[in-house]
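Read through the structure below, which is laid out as structure tokens, and then see the notes.
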């Protein structure tokens with residue numbers, strides 16, 4: 001399955017919602033927090049460098065859906081997902097495994 005860049009650009013930045021820090025282009029709701037127990041379960045023994053990239057694969061459950069329509073505004077839709085199972089690896093390792101699992105999909109991954 002191709003990956004989608006969730007960065008907010010142009011008019012999307014005008015949407016009033018919280019961001020991950022003042023300079024972030026990504027919505028706060030897409031950030032996850034892994035504590036010591038989570039890191040241990042995932043087998044992450046050493047903390048990664050800040051700004052390094054990792055690849056995550058997850059099984060999620062839809063736990064809430066909502067649609068709100070207000071006078072004079074377009075419909076606002078929302079889906080809340082609960083991560084049930086996940087794997088996290090350094091980006092390059094996952095890129096190689098992803099390309100084996102999904103041949104021809106490598107061009108969808110960022111070369112950053």
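The values are calculated or read from the model by the stated rules, or taken from the named source; none is laboratory data. Since we're looking at a predicted model, the values are computed, not measured. A quick note on method: Cβ atoms are made from the backbone with ideal geometry, for glycine too, and the neighbour counts reach across all protein chains shown.
Just a few scattered comments:
- Here the stretch 37-58 is the region considered, the condition is being exposed (fewer than 10 other Cβ atoms within 10 Å of the Cβ) and out of contact with any helix residue (DSSP H, G or I) (no Cβ under 9 Å at 6 or more places or on another chain), and the residue that is nearest to residue 2 (Cα to Cα) is 51.
- Hits in the stretch 67-112 (condition: within 12 Å of residue 55 (Cβ to Cβ), outside any helix (DSSP H, G or I) and modelled with pLDDT of 60 or more): 86, 87, 88, 89, 90
- Within this structure, residue 23 fails the test of being over 30 Å from residue 76 (Cα atoms) and at pLDDT below 90.
- Screening the stretch 37-54 for residues that are outside any loop (DSSP other than H, G, I, E, B) and within 21 Å of residue 92 (Cβ to Cβ) and picking the one that is modelled with the lowest pLDDT gives 54.
- Filter pass, residue 34 being surrounded by 10 or more Cβ atoms within 10 Å (Cβ to Cβ) and assigned to a loop (DSSP other than H, G, I, E, B): yes
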